[in-house]
1. Quick check on this structure: which one of ALA31, ALA51, ALA62 is hydrophobic (A, V, I, L, M, F, W, C), within 22 Å of ASP184 (Cβ to Cβ) and in contact with a strand residue (DSSP E or B) (Cβ under 6 Å, 6 or more places away or on another chain)?
2. Which pairs have Cβ atoms under 6 Å, sit 6 or more apart or on different chains, and link a residue in segment 209-225 that is touching a residue at least 40 places away in the same chain (Cβ under 8 Å) to one that is in a helix (DSSP H, G or I)?
3. Can you pull out every residue in segment 60-85 that is out of contact with any helix residue (DSSP H, G or I) (no Cβ under 6 Å at 6 or more places or on another chain), in contact (Cβ under 8 Å) with a residue 24 or more places away in the chain and part of a loop (DSSP other than H, G, I, E, B)?
4. Being buried (at least 24 other Cβ atoms within 10 Å of the Cβ), assigned to a helix (DSSP H, G or I) and among the small types (Gly, Ala, Ser) is the filter here; which residues of segment 159-180 pass it?
5. What number of residues within segment 20-59 satisfy the criterion of being farther than 21 Å from GLY175 by Cα and in a loop (DSSP other than H, G, I, E, B)?
6. I'm told MET147 meets every condition in (1) within 19 Å of ALA195 (Cα to Cα); (2) modelled with pLDDT of 95 or more except one. Can you identify the failing condition by its number?
7. Which members of segment 80-115 meet the condition of being crowded, with 20+ Cβ neighbours inside 10 Å, of a type in the set (S, T, N, Q) and over 17 Å from the mean Cα position of the chain (by Cα)?
8. Across segment 104-120, what is the number of residues that are closer than 15 Å to ASN150 by Cα and part of a loop (DSSP other than H, G, I, E, B)?
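The values are calculated or read from the model by the stated rules, or taken from the named source; none is laboratory data. Predicted model, so just to flag it, every value in this text is computed and none were measured. Positions of Cβ are backbone-derived with ideal geometry, glycine not excepted, and every protein chain shown enters the neighbour counts.
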Amino acid sequence: MESYGTFHTPQIKICGVTKPEDAAKCIAMGADAIGLMFFKKSPRYLTVPRAQAIIHAIPKEAAAVGVFVNEPFNAIMDIVYSCHINTVQLHGNEPPKFIHDLVNQGLRVIKALYMEGEPSVKKMATYDASAFLVECAEGILPGGNAMIWNWRDAAPFGETHPLILAGGLNADNVGDAIREAMPDAVDVSSGVESAPGRKDMHKVQMFIKAVQICKTKRDLRRIFS
């Protein structure tokens, strides 16, 4: 996260990366983290060997985040150990105890909560998560489904908990989204793609630049190492 006096820039996560070379370019352009999709129904799904290749392509200081949806505890831990990741992002109906158990394993846990679905953002205080990814969740698959929503609705939750904003973000609107929600980080996937799972490096570059020039006065929490 960059700081300019009392102004701060949210961190950036590029999710659903499927190629090692794309991951390396995203980090080189200024992204703080990449997301590795372990949800088999996703067009961005990765096998463990493919995920390992992507992780090996990025610097050690960059964060690799494993993304899961209602995956069993042991299955998550197997991938954590195989890929040597320390951050997981949960997009299902995982109960609070599930998150607590993962945190007790020394993991940073990001829990996705929804403005228009379950689990609801109204239940945020019941989870022992390291940070919360907030999106609308009106689409078919878990996640933002590229749907633009009223990002301002997420602002109150960022006042009390580490907040990652997602859903419908792209280079054209991320500045407005940051000003409205004042998140600690932003998360994008389809908004920087030419097709599902295919990152467009020009779109990635434009997105990162749009975030970097949009600063907020609120002190921001650092979510990704």
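1. ALA31
2. Taking only residues 6 or more apart or on different chains, the pairs are VAL211/VAL174; CYS214/GLY175; CYS214/ILE178.
3. Residues satisfying the conditions are GLU61, VAL69, ASN70, GLU71, HIS84, ILE85.
4. ALA177
5. Selection size over segment 20-59: 12.
6. Failed condition: (2).
7. Answer for segment 80-115, where residues must be crowded, with 20+ Cβ neighbours inside 10 Å, of a type in the set (S, T, N, Q) and over 17 Å from the mean Cα position of the chain (by Cα): there is none.
8. The qualifying residues number 3.
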